[in-house]
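These notes concern the structure reproduced below.
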Amino acid sequence: QVQLVESGGGLVQAGGSLRLSCAASGLTFSLYAMGWFRQTPGKEREIVAGINWGGGVTYYADFVKGRFTISRDNAKNTVYLQMDSLKPEDTAGYYCAANKFGSSWSRVAEYEHWGQGTQVTVSS
């Protein structure tokens, strides 16, 4: 059974930092590209960042470029999202997802496995 478990969310002041982690089990982690998405009530889930199976290729949504960094440790079956210079508009539920065959970072349907999410709240 595949499990993706996010952690590291919480409440932080604007300008602060958080580091999210997503621990994977039940799959060959090194074969999957990984993505971080976020979602707020009433809005569609949107891509934040993605990383290919080996970590050599990354993708960032424009609204996080220069502030967030995605990385992975295949030995630990874990993907990370370092979030710096946080803004109130970054407040959302953050989800990690695994994508083995897809070619698009942003298409939700191309990700086969999802975590339950972790809440990030940025106060002004």
Can you find a residue that is hydrophobic (A, V, I, L, M, F, W, C) and either over 18 Å from LEU4 (Cα atoms) or crowded, with 21+ Cβ neighbours inside 10 Å (or both) anywhere in the range 106-116? no
Cβ-Cβ under 9 Å pairs, at least 6 apart or on other chains, the range 86-112 side over 15 Å from ARG38 (Cα atoms), far side open to solvent by 40 Å² or more (accessible area, probe 1.4 Å) and assigned to a strand (DSSP E or B): ASN99/HIS113; LYS100/HIS113
Of the residues TYR59, TYR32, which is under 17 Å from ASN77 (Cα atoms) and hydroxyl-bearing (Ser, Thr, Tyr)? TYR32
Say whether the condition of being assigned to a strand (DSSP E or B) and of a type in the set (A, V, I, L, M, F, W, C) is met by at least one residue in the range 100-113. no
Any idea which of (1) open to solvent by less than 50 Å² (accessible area, probe 1.4 Å); (2) assigned to a strand (DSSP E or B); (3) not acidic (Asp, Glu) is the one SER30 doesn't satisfy? (2)
Which ones in the range 4-16 are surrounded by 13 or more Cβ atoms within 10 Å (Cβ to Cβ) and either on the phi < 0 side of the Ramachandran plot or among the acidic types (Asp, Glu) (or both)? LEU4, VAL5, GLU6, SER7, GLY9, VAL12, ALA14, GLY16
Taking the range 65-88 as the search range and keeping residues that are hydrophobic (A, V, I, L, M, F, W, C) and in contact with a strand residue (DSSP E or B) (Cβ under 6 Å, 6 or more places away or on another chain), which one is nearest to GLU112 (Cα to Cα)? VAL79
Among (1) assigned to a loop (DSSP other than H, G, I, E, B); (2) at pLDDT 95 or above - the single one LEU4 does not satisfy: (1)
Tell me, which strands (runs of 3 or more DSSP E) wholly within the range 54-95 include 2 or more residues that are open to solvent by less than 30 Å² (accessible area, probe 1.4 Å) and modelled with pLDDT of 95 or more? 68-73, 78-83
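The values are calculated or read from the model by the stated rules, or taken from the named source; none is laboratory data. These numbers come from a predicted model, not from an experiment. A quick note on method: Cβ atoms are made from the backbone with ideal geometry, for glycine too, and the neighbour counts reach across all protein chains shown. These accessible areas exclude ligands, DNA and RNA; they are computed on the full protein's heavy atoms, side chains included. Shrake-Rupley method; radii C 1.70, N 1.55, O 1.52, S 1.80 Å.
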